[in-house]
Amino acid sequence: MPVKTVTVRVPAKVNLQLSVGPREADGYHNLVTVFQAISIFDEVTVSLREPNSGISISISGDHTHGVPADSNNLAVKATELIASEYDLDVDVHIDIKKSIPVAGGMAGGSADAAATIVAIDYLFSLGMNREEMSEIAAQLGSDVPFMLSGGTAIGTGHGEQLTPALSRGVYHWVLALSTVGLTTPAVYDECDRLRAGSEIAEPQTHEVLMQALLAADPKTVGASMSNDLQAAACSLRPALRLVLDVGQEYGALGALVSGSGPTVAFLVADEEAGLDLAVALTASGVVGSVARAYGPVGGAKVLA
Ligand code: ATP
C-alpha cells in the first residue's frame, strides 16, 4: 500500500553566536553564526488529496497567531518549489501543529519548510539525498538547511553554508517568550542604523565558544555567547533589557536575544536551575511566557 500521510517533527533553534558583517551591495549581510537545535518541536503532517485538488493548509497548536494559512506559508512554498523542480503534480493537505513561537527568532517558519521537504520526499518516494534537500532548503531561506540537519553547526554566508560543530554535552535552556514578534528585516535595518559610521569587521568564529562546546563546558559557553543583533532588538523593544537582567540576576550562565528576537534565551547549569529561573521569570512580570528546552537535538525527522 502506498503511504498516504506522513508526520515530520522539526525543532526550533537558538543562535549561540550571531556575528553580522557590514551590509553588502545586495542588501544582505555576511554572517558567522552557531546554531543549536533545541527541544521545542513543530509537527508537519502532509496527506495526499484527490488529483487536481491542489495544496491546502491548516494551522493548529499553541502558536497559530500570525502564521499564514495560505500560499505565503513557507511549507506551501517548499511544496510548490519541489513540485516545480521535480515536475510533480502535488495534491496535498498540510497541517502544521505549531509549538515554536512565531516571529521569535527561533526559525519556526524555516523549520516548517524543512519538515515539508522531508515529508514530500517521503510521501512521493523521491529518494532525495541530503545535498539535494539542502539545495531546495537554501532557496527557501538561510535558516532552512540547518533545520534539516539540527544538532550544533556553524553557518556562514547568510547562514546557509553549514559545517557541523564539534559539540559535547547537553545544554539546558530557559526561553522568555514575547506575545508580539519582531520582524527579521526590521531588526537588521535597526542594526545598520545603530552601526552607521562605524567600521564593521568581517565576522569570525569565536574560538573560545567553539572550544567550550568541544569541552562540554556550559559555563564558558554561557559566558562567550554573543549576538550582534541584540542591541538592535533591544532598541526596538527596550523591555528586553529588563528580561535579560532578571535572568542574569537569577544565576543564568548566559543570556542573549535569540537570532533577531524577541525571544530571550538563557543557558542554565541543569534542569533544576532551569525550573528556578522559569519560576523567577514568571514571577517578575516582565515576561509574556516561559518555556524550557534542551539541546542539541536532531533536525527534521519522519515520525514512525
Ligand atoms: P528567523 O529566526 O528564521 O528569522 P523567526 O523565528 O523570527 O524567523 P518565524 O516564526 O519563522 O520567525 O516567522 C516569521 C514570519 O514568517 C511570520 O511572521 C509569518 O508571517 C511568516 N511565516 C511563513 N510561514 C510560516 C510558518 N510556517 N510558521 C511561522 N511563520 C511563518
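The values are calculated or read from the model by the stated rules, or taken from the named source; none is laboratory data. Just so you know, these numbers come straight off a predicted model, no measurement behind them. Because the Cβ atoms are built from the backbone with ideal geometry, glycine has one as well, and the counts that use them run over all protein chains shown. For the accessible areas, the whole protein counts, side chains as well, though only heavy atoms, and no ligand, DNA or RNA atoms are used. Shrake-Rupley method; radii C 1.70, N 1.55, O 1.52, S 1.80 Å.
Residues that are at negative phi and assigned to a loop (DSSP other than H, G, I, E, B) within region 278-304 comprise Val286, Val287, Gly288, Pro296, Val297, Gly299, Ala300, Leu303, Ala304, listed in sequence order.
If the condition is being more than 8 Å from the ligand (Cβ to nearest atom) and assigned to a loop (DSSP other than H, G, I, E, B), then region 64-116 contributes Thr64, His65, Ala69, Asp70, Ser71, Tyr86, Asp87, Leu88, Asp89, Val90, Asp91, Ser99. From the list Gly251, Gly197, Gly259, the lone residue that is within 23 Å of Pro101 (Cα to Cα) and either at pLDDT below 95 or touching a Gly at 6+ places or on another chain (Cβ under 6 Å) (or both) is Gly259. Here the helices (runs of 4 or more DSSP H) wholly within region 117-210 that include at least 3 residues being open to solvent by 20 Å² or more (accessible area, probe 1.4 Å) are 130-140, 184-195. Residues in region 104-160 that are without any contact (Cβ under 8 Å) to a residue 12 or more places away in the chain and at negative phi: Met128, Asn129, Glu131, Glu132, Glu135. A count restricted to region 211-224 and to residues that are closer than 20 Å to Gly155 by Cα and open to solvent by 80 Å² or more (accessible area, probe 1.4 Å) stands at 1. Condition first: farther than 27 Å from Val268 by Cβ and within 12 Å of the ligand (Cβ to nearest atom). Can you find one or more residues in region 154-174 that meet it? Scanning region 154-174, I find at least one residue that is farther than 27 Å from Val268 by Cβ and within 12 Å of the ligand (Cβ to nearest atom), so the answer is yes. Scanning region 1-54 for residues that are farther than 30 Å from Asp228 by Cα, of a type in the set (A, V, I, L, M) and either assigned to a loop (DSSP other than H, G, I, E, B) or open to solvent by less than 60 Å² (accessible area, probe 1.4 Å) (or both) turns up Met1, Val3, Val6, Val8, Val44, Val46. Taking (1) within 14 Å of the ligand (Cβ to nearest atom); (2) surrounded by 15 or more Cβ atoms within 10 Å (Cβ to Cβ); (3) modelled with pLDDT of 95 or more in turn, Cys234 satisfies each apart from (1).
Could you please find all residues in region 77-100 being within 26 Å of Pro262 (Cβ to Cβ), open to solvent by less than 10 Å² (accessible area, probe 1.4 Å) and of a type outside the set (D, E, K, R)? Result: Ala78, Ile96, Ile100.
The single condition from (1) open to solvent by 10 Å² or more (accessible area, probe 1.4 Å); (2) part of a helix (DSSP H, G or I) that Gly251 fails is (2).
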